[in-house]
Ligand code: GDP
Ligand code: ZN
């Protein structure tokens, strides 16, 4: 049980227009009230309210700072405790004076590095992978790393690991039942069942580890394929997005023979754009190579931008392509809306959700912002997560996933050579525990301390 109240400067010292002191613990409000003079009585103030006033030294009566004070009562706060944030004007001197006064006057101690986040974890507010993502957030410099950390912070990795553990618990329960009722035919069924379930779990762990090995998103961004028949405006779109004229734009169909790649950041989300040759059957050998590459690009894509020309009726190739795109993360772009609409859009609307269809005129640069909006919505809602979006970022995750995988492999091998299932059960249980350690479910105190000591002060 946490009893004391802690405080620290939670903004980077010396930077920015304002500085924030964060106070957390059971006495956060009463202790802050001792040095705060305001029209409002913060002792009885509601949660999530902001109060204007002055920091006054209660001994000398001297006014130290003009501040804004925010109250967030637990559990609706970052730490799940009562939290007070004091915003002062920037400057190291001002913020230090307020903090010193608070520590001197009240029953408040200075927070250890990472202690706020540690409390959030200990109070069940966040799990360990989320806590680690906060570390990454603090450290990340680029937008990309920020997006990844954010994604993880939302608990993507923990969600997957929890699902894995859930499957293993079911398996353990199954084995348990079998140990209690060991009829022979049930036992052999269980061996097959154990192999299958352990195999599935291993596959999932491999997928997670693959993202770590490739550093997939961090290095490459979301692999985005621009597909559609020749001349619908794919290269023009790529160019508009990149705002450089690297891809060749022409009136002759099929000029983009190879796959062209560009890296862009759209609303903070890193995309690796692939412009593909028109995907269609063709007799032209050179183009066929391009088409092959397009197919590969399409298979590997995390996101597909499917371009149609509204000035032409739907083509047989469009229908084939739509068939291939079924169930994939797709944004449909109805391009050339500056020209008369000939295309029967109802056929498209029947196949794709309305919020994934964007009307566009690349030529007039209309609709590009809307496209940006759709992509960020998909990204942050996790719709783009299906193709390996989970990012395993640190050595501890990799190590524990590797150990869990080994335990599951041991379980499968033991099953194969007929080792009794109560022994096999131990390996499955070990895997479950190792995955639990990853999300902080069964971690030793020393490990928790080690992780949280990595934080900057005030986080
Ligand atoms: P791709 O073969 O799909 O890559 O198509 P391109 O990008 O090479 O474009 C084919 C032709 O369509 C070019 O002449 C473009 O200028 C033209 N085009 C592209 N977007 C638009 C648009 O929004 N409106 C109109 N009117 N023409 C466009
Ligand atoms: Zn093109």
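The values are calculated or read from the model by the stated rules, or taken from the named source; none is laboratory data. Bear in mind the structure is a predicted one, so any value in this text is a computation, not a measurement. With ideal geometry, Cβ positions are generated from the backbone for all residues, glycine too; neighbour counts draw on all protein chains shown.
Residues are listed down the side, and each one gets a yes or a no for (1) free of Cβ contacts under 8 Å to residues at least 12 places away in the same chain; (2) in a strand (DSSP E or B); (3) under 29 Å from the mean Cα position of the chain (by Cα):
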position	(1), (2), (3)
19	no, yes, yes
22	no, yes, yes
31	no, no, no
46	no, no, no
51	no, yes, no
54	no, yes, no
70	no, yes, yes
78	no, no, yes
84	no, yes, yes
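Tallying residues that are on the phi > 0 side of the Ramachandran plot and under 29 Å from the mean Cα position of the chain (by Cα) within the stretch 316-364 yields 1. Considering each residue of the stretch 300-313, count those that are over 26 Å from the mean Cα position of the chain (by Cα) and surrounded by fewer than 17 Cβ atoms within 10 Å (Cβ to Cβ), and give that number. Residues that pass the stated criteria total 3.
Is it true that residue 151 is within 15 Å of the chain's Cα centre (by Cα), at pLDDT 80 or above, assigned to a helix (DSSP H, G or I) and over 29 Å from residue 3 (Cα atoms)? No; evaluated as a whole, the condition is false for this residue.
All told, residue 370 meets the bar of being without any contact (Cβ under 8 Å) to a residue 60 or more places away in the chain and away from ligand 2 (no atom under 16 Å from the Cβ). Is it fair to say residue 304 is assigned by TED's automatic domain parsing to the domain that holds residue 360 and at pLDDT 85 or above? The answer is yes for residue 304.
Each row is one residue, and each column tells you yes or no for (1) surrounded by 19 or more Cβ atoms within 10 Å (Cβ to Cβ); (2) assigned by TED's automatic domain parsing to the domain that holds residue 307; (3) away from ligand 1 (no atom under 12 Å from the Cβ); (4) over 14 Å from residue 309 (Cα atoms).
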{"position": "334", "(1), (2), (3), (4)": "yes, yes, no, no"}
{"position": "339", "(1), (2), (3), (4)": "no, yes, no, no"}
{"position": "345", "(1), (2), (3), (4)": "no, yes, yes, no"}
{"position": "352", "(1), (2), (3), (4)": "no, yes, yes, yes"}
{"position": "355", "(1), (2), (3), (4)": "no, yes, yes, yes"}
{"position": "360", "(1), (2), (3), (4)": "yes, yes, no, no"}
{"position": "364", "(1), (2), (3), (4)": "no, yes, no, yes"}
{"position": "375", "(1), (2), (3), (4)": "yes, yes, yes, yes"}
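Within the stretch 385-459, which helices (runs of 4 or more DSSP H) (wholly inside it) include 2 or more residues that are out of contact with any strand residue (DSSP E or B) (no Cβ under 8 Å at 6 or more places or on another chain) and modelled with pLDDT of 80 or more? Qualifying helices (runs of 4 or more DSSP H): 395-416, 421-438.
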